[in-house]
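The values are calculated or read from the model by the stated rules, or taken from the named source; none is laboratory data. This one's a predicted model, so the numbers in the text were calculated from it and none came from an experiment. Backbone-built Cβ (ideal geometry, glycine too); neighbour counts: all protein chains shown. Accessible surface is based on the protein model in full, side chains and every heavy atom, while ligands, DNA and RNA are left aside. Shrake-Rupley method; radii C 1.70, N 1.55, O 1.52, S 1.80 Å.
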Amino acid sequence: RVKALVKNITNPNHTRTTLTDLKMFTDYEIRVRALGVKGPGPLSRSVVIKTKEGLPGPPRDLAAEGRSTDSLTVSWNSPKFPNGRVLGYYVVYSDDQSLPVS
């Protein structure tokens, strides 16, 4: 089970804050409660918001198999951390191993 994080705002005039170090393309449920002299009040209603998309992680489990004298089959699994919607893949290849493939 995931533990809820708490950000303490000590100035009662600050009614806005930025939450940082969140995961990309992840839903977060957010609630706020006021703290008074006698302790914390009830929680607000919750809002759910998703952080923005980022660059996908690398595809996993790359494998290649020779099929014939002039063809190869290449396979992989999707990134462990897609950080958003994966729209496709670039398969980059060269017959010169001394060249950087990027």
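Numerical summary
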read-out	value
Test: residue in the stretch 47-63 that is in contact with a Lys or Arg (Cβ under 7 Å, 6 or more places away or on another chain) and over 29 Å from Asn83 (Cβ atoms)	no
Number of positions in the stretch 1-16 that are among the polar types (S, T, N, Q) and either open to solvent by less than 70 Å² (accessible area, probe 1.4 Å) or within 30 Å of Lys80 (Cα to Cα) (or both)	1
Residue count for the stretch 64-102, restricted to those that are β-branched (Val, Ile, Thr) and closer than 30 Å to Lys52 by Cα	4
